[in-house]
Amino acid sequence: MRTYGILVISHGSRSREWVQLVDEAVAGMRVPDGVPVFGSFLELVDGRLIQDGITCLENRGVTDLIVIPLFVSKGSTHLDEIAYALGLKPEPLLPTDLEPFEIKASVHMTPPMDEDAELLAEMVYEKIRSLSEDPEREIVLLVGHGSVEQLFHLAWRGSLERISQALKKTGGFGTTDVAMLLPDQTKRKLEWWQERKPGHAVIIAPLFLSEGYFTREVIPSRLEGFDYRYNGQSILPSPKVSEWLERQVASFFNRDHYEQKGDKEKWPNVLD
């Protein structure tokens, strides 16, 4: 008999506020009765690392782990190394210091957040809405972490472009575009749009899970001297993150449990 547990994985930070925001999102997720949840981190949070979560859930009798990566884009190199360390692929695409985890349970990994571009666009829009005065004459530049590795760079670009298009529709903006910090595209993109549409205001929308070094220091430093609107607000806090987590759980059970058992009544909390 299978016993399910949920392992949420995010990057981690030395900032207590950063970790608390993630914990609140995980705690706000409604899950099937009796299914344990562990919020884990790739690094920087002692006692809450991925191996800690695996061990804790397996000690509670979990035979099947539903792993939910709380990352905004499949372009993150961390997703690749995590999949490798979980035994889901024989080798990582890039060298990694992450060793394979000690794990007995079967692992089922869900997609990252960019698979639901429309919901992610809604989250971003909620944070920048107060900056918007005349959407049709505004340019929203969606800024993500990015990568210098070609395969991951292309994945990041695809993620950002899908979210950008959804954001344009959600907010009714005249123009939306994307830029990465790696490689640094922010200054060039901002110059390009200000030259071509000088009468339009530029809103910078950071695509980061939680506020921190990149939203508070890196982005403002890259755009010093330019005229733009920016409040530095990240996706969290947002109840929609908990909703997204719930969707991942519901999707898993709809696919891998209901079709086999035909018993939806056991999982009412994820079917609303």
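Can you tell me how many residues within segment 122-135 are in contact with a strand residue (DSSP E or B) (Cβ under 9 Å, 6 or more places away or on another chain) and of a type outside the set (Lys, Arg)?
Result for segment 122-135: 7.
So which residues in segment 101-147 are among the aromatic types (Phe, Trp, Tyr) and over 30 Å from Asp64 (Cα atoms), if there are any at all?
Selection gives Tyr125 alone.
Yes or no: segment 116-138 includes at least one residue that is out of contact with any Cys (no Cβ under 9 Å at 6 or more places or on another chain), part of a strand (DSSP E or B) and surrounded by fewer than 16 Cβ atoms within 10 Å (Cβ to Cβ).
No, segment 116-138 contains no residue that is out of contact with any Cys (no Cβ under 9 Å at 6 or more places or on another chain), part of a strand (DSSP E or B) and surrounded by fewer than 16 Cβ atoms within 10 Å (Cβ to Cβ).
Consider Leu65 carefully, then state whether it is of a type in the set (A, V, I, L, M) and within 20 Å of the chain's Cα centre (by Cα).
Against the criterion (of a type in the set (A, V, I, L, M) and within 20 Å of the chain's Cα centre (by Cα)), Leu65 qualifies.
Restricting to segment 139-170, give me the number of residues that are open to solvent by less than 10 Å² (accessible area, probe 1.4 Å), of a type outside the set (Ser, Thr, Tyr) and in contact with a Ser or Thr (Cβ under 8 Å, 6 or more places away or on another chain).
Total satisfying the criteria: 8.
Which pairs do you get when a residue that is small (Gly, Ala, Ser), found in segment 201-221, comes within reach of a residue that is modelled with pLDDT of 95 or more and in a strand (DSSP E or B), reach meaning Cβ atoms under 8 angstrom, with the pair 6+ apart or on two chains?
Between residues of segment 201-221 that are small (Gly, Ala, Ser) and residues that are modelled with pLDDT of 95 or more and in a strand (DSSP E or B), the close pairs are Ala201/Glu138; Ala201/Ile139; Ala201/Arg229; Ala205/Val140; Ala205/Leu141; Ala205/Leu142; Ala205/Val143.
Where in segment 1-102 are the helices (runs of 4 or more DSSP H), entirely inside, with at least 1 residues that are without any contact (Cβ under 8 Å) to a residue 40 or more places away in the chain, closer than 26 Å to Gly146 by Cα and open to solvent by 50 Å² or more (accessible area, probe 1.4 Å)?
Fully inside segment 1-102 and qualifying: 16-27.
The values are calculated or read from the model by the stated rules, or taken from the named source; none is laboratory data. Worth saying up front: this structure is predicted, and the values here are computed from it rather than measured. Because the Cβ atoms are built from the backbone with ideal geometry, glycine has one as well, and the counts that use them run over all protein chains shown. Surface areas here come from the heavy atoms of the whole protein model, side chains and all, with no ligands, DNA or RNA. Shrake-Rupley method; radii C 1.70, N 1.55, O 1.52, S 1.80 Å.
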